[in-house]
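Each remark here refers to the structure printed beneath this line.
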Amino acid sequence: MQDIVFIACHKPSEVPQDPLYLPVHVGAAGKPDIGYTRDDTGENISLKNPLYCELTGLYWCFHHLTYDHLGLVHYRRYFTLKSRSQQKKLGKLACVLSQQECEELMKKYRVIVPKKRNYYIDTVYNHYSNTFDGHQLDESRDILEKRCPEYLQAFDELMKSKKAYIFNMFIMDRELVADYCNWLFPILEELENRIDTSAMTAFEKRYIGRVSERLFNVWLNTKVSRGELKQSEIREIPYLYLGEVNWWKKGTSFLMAKLFHKKYEKSF
């Protein structure tokens with residue numbers, strides 16, 4: 001069994017040495033080599049990284065790697081099966097999901113995802129609209145209606161819910177990865193053609209990556225509702241973050257967006 005979890009990196013970082021992981025330099029086109037696999041060889045969309053974020057790495061891996069299972073994590077965010085006390089004792093990097101743990105999980109499940117984000121006081125749509133630009137989701141819905149209307153119900157249900165998988169993190173079998181990528185990238189390309197980014201900041205231009213986080217839920221939920229994937233074949237596990245999160249600033253920004261529609265201007 002060949003399992004690969006690629007780490008989306010845009011700069012040299014401390015990464016796990018476990019053979020499960022493949023650091024990929026996303027958005028490598030036109031940039032100096034940093035010692036990782038580059039996403040700008042062969043068929044690629046590396047130049048679109050300012051909009052697509054880690055998805056340029058997914059596109060490259062989908063087209064160029066041979067695997068039974070493929071996963072996506074970030075240089076500061078990984079799956080883990082270890083408790084917080086173990087992370088504190090051993091160090092976070094030592095607690096990322098290992099190859100052995102991954103192989104055991106994939107014997108039982110077809111999809112590994114992080115725990116859902118719960119917005120509590122907001123719906124998925126309202127949170128996005130308050131913090132970014134809801135027009136991007138409206139256009140995405142219109143694209144789905146024209147291209148694949150069978151996904152509309154899942155989209156509408158997600159927009160009204162208060163929970164979603166985010167971060168574009170997953171591990172899936174080859175068949176599902178192919179299904180997802182063949183579905184996702186044409187939708188994103190059409191969305192890209194519809195949205196004017198000329199007046200956007202660099203942070204705002206990352207909308208393709210953000211929208212795709214929501215669309216992953218739409219695709220996954222539709223697969224389940226159509227009986228192509230069993231709910232029992234999906235496993236949620238925790239994730240760990242190697243950096244420090246300013247929870248006060250994050251929480252304050254969330255409330256400012258909810259109450260006063262103040263848009264996010266940077267990541268937290």
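Remarks
- Pairs where the first residue, in segment 99-127, is of a type in the set (Val, Ile, Thr) and the second is surrounded by 15 or more Cβ atoms within 10 Å (Cβ to Cβ) and modelled with pLDDT under 95, C-beta under 7 Å, 6+ apart: 121/258
- Residue within segment 6-29 that is under 25 Å from residue 189 (Cα atoms), among the basic types (Lys, Arg) and out of contact with any Leu (no Cβ under 6 Å at 6 or more places or on another chain) present: no
- Residue 12 in a strand (DSSP E or B), out of contact with any helix residue (DSSP H, G or I) (no Cβ under 8 Å at 6 or more places or on another chain) and closer than 21 Å to residue 242 by Cα: no
- Of the residues contained in segment 29-42, none is found to be touching a Phe, Trp or Tyr at 6+ places or on another chain (Cβ under 6 Å) and not acidic (Asp, Glu).
- Set 225, 212: member being over 15 Å from the mean Cα position of the chain (by Cα) and of a type outside the set (A, V, I, L, M, F, W, C): 225
- Selection of helices (runs of 4 or more DSSP H) fully inside segment 161-268 by the criterion of at least 3 residues being modelled with pLDDT of 95 or more and among the β-branched types (Val, Ile, Thr) returns 207-225.
- Yes/no for residue 7 being of a type in the set (Val, Ile, Thr), buried (at least 20 other Cβ atoms within 10 Å of the Cβ) and either farther than 25 Å from residue 163 by Cβ or more than 19 Å from the chain's Cα centre (by Cα) (or both): yes
- No other residue among 57, 27 is at negative phi and under 17 Å from the mean Cα position of the chain (by Cα) apart from 57.
- In this structure, residue 120 does satisfy being on the phi > 0 side of the Ramachandran plot and aromatic (Phe, Trp, Tyr).
- Within segment 18-123, helices (runs of 4 or more DSSP H) holding 3 or more residues that are surrounded by fewer than 18 Cβ atoms within 10 Å (Cβ to Cβ) and not polar (S, T, N, Q): 84-90, 99-108
- Checking each residue in segment 130-153 for being buried (at least 19 other Cβ atoms within 10 Å of the Cβ) and out of contact with any helix residue (DSSP H, G or I) (no Cβ under 7 Å at 6 or more places or on another chain) picks out no residue at all.
- Residue check, residue 152 among the hydrophobic types (A, V, I, L, M, F, W, C) and either within 18 Å of the chain's Cα centre (by Cα) or not in a helix (DSSP H, G or I) (or both): no
The values are calculated or read from the model by the stated rules, or taken from the named source; none is laboratory data. Just so it is clear, the model here is predicted, and its values are computed rather than measured. Note that each Cβ is placed from the backbone with ideal geometry, even for glycine, and that neighbours are counted across all protein chains shown.
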